[in-house]
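Take a look at the structure below.
Nothing in this text is a laboratory measurement; each read-out follows from the coordinates by a stated rule. Worth saying up front: this structure is predicted, and the values here are computed from it rather than measured. Virtual Cβ from ideal backbone geometry, glycine too; neighbours counted across all protein chains shown.
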């Protein structure tokens, strides 16, 4: 009997019920059948568990399976070494062939160059016959190495996805045939990340040569990137960036840069306006921009962002389900829907209404042992037992001495 009751209590504590959730949000949007998704926001994080695992979707009394995705994108890259052929000078320019046979598809080629501190333009053409007369132009890439100026380097040829058996590369600039050591081809299939802005607004201050931005952080809300908007008229800068937490502990560093310049008659265009955050905590996030001896940047905006979290589910036509959350004891759901999930590019986005207290909330039954639920009665019984036993002991002692 005790085992049966214990099992029943365990099952009850693991189950979900509309009456166990403190908060609810209605879903507004298309009422047609098919896959839909809603975007989790900061309001939800304030009252749900940090991992959002206590979310449940109900339509009337029916629980609807869902899957929670993080839209951080990603890429899959396959690399292969390729041969550099017929490297020489043609019309005063360095020219060579890349043997792409055996690579089904590619969209970038990484060159290994032995030269340093240079700027050059590389034009890429494609052809199946290395001796053919008609080559297809695949675009031009700026190659550079500005190590002495601490402005980075690039030796990657980026072209449209191609299947040509041979590529002809013509380099205009200070790269000689002997300085082209090797090459690696790659095809990358990328899925773009989806970001959403957080509502946290920074307080900006100037401390010495540093521009400091202090963001208040909402508990449980992940912040995963800081992104700047710099006046487009301000060019050619590289600024180091440092990030600290509420206790002034170092978290990470990065840099902002925008480079639009000419070097040896060649143009360079580089821009990096964001830094990914690897860890944040409650309190504040302090972002320090080190200006060195330069004037502060003409900043027009800085904000925190997070990867978009989407709640995907299927619903029947004509239904508008409700999202519930705020049950601390509810374990993460286990659905076949999540295991077999495949994202539909045509999935319609639905909106979450304002948060409301769940009118049906009663809370979970108290599954603690009787002794924990009634400590006063237990202690009263213990004290009474001690007094009775003490009285009996005293009485026995008196009788023994009589």
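Some points to look at:
- Full extension of the chain segment joining residue 26 with residue 356 gains 117.9 nm, where the gain is 0.36 nm per residue of separation less the Cα-Cα distance.
- If the segment from residue 229 to residue 156 were pulled out straight at 0.36 nm per residue, it would be longer than the present Cα-Cα gap by 23.6 nm.
- Distance in nm between pseudo-label sites at residue 140 and residue 246 (7 Å out along the Cβ direction from Cα): 5.4 nm
- Net lengthening on full extension, residue 335/residue 83 (0.36 nm per residue, minus Cα-Cα): 85.8 nm
- Distance from segment 157-175 to segment 210-270 (C-alpha centre basis), Å: 32 Å
- One entry in (i) 1.44; (ii) 1.00; (iii) 1.53 is Cα Rg over 2.2 N^0.38 Å calculated from the shown coordinates; its label is (iii).
- Inter-probe distance in nm under a simple model that places probes 7 Å from Cα toward Cβ, at residue 346 and residue 279: 4.6 nm
- Estimated from helical segments only, the mean residue ellipticity of the chain at 222 nm is -4000 deg cm²/dmol, where each DSSP H run of four or more residues counts as -39500 (n - 2.57).
- As a proxy for reagent exposure, 398, 267 were ordered by neighbouring Cβ count within 10 angstrom, fewest first; the result is 398, 267.
- Shape call, segment 75-191: gyration tensor on alpha carbons, a/c limit 1.5: oblate
- Sorting 17-27, 213-223, 276-286 by average packing, meaning the other beta carbons within 10 Å per residue, from highest down gives 17-27, 213-223, 276-286.
- The ranking of 397, 288, 261 by Cβ neighbour count inside 10 Å, starting from the fewest, reads 397, 261, 288.
- Taking the fewest neighbouring Cβ atoms within 10 Å as the starting point, the ordered list for 324, 335 is 335, 324.
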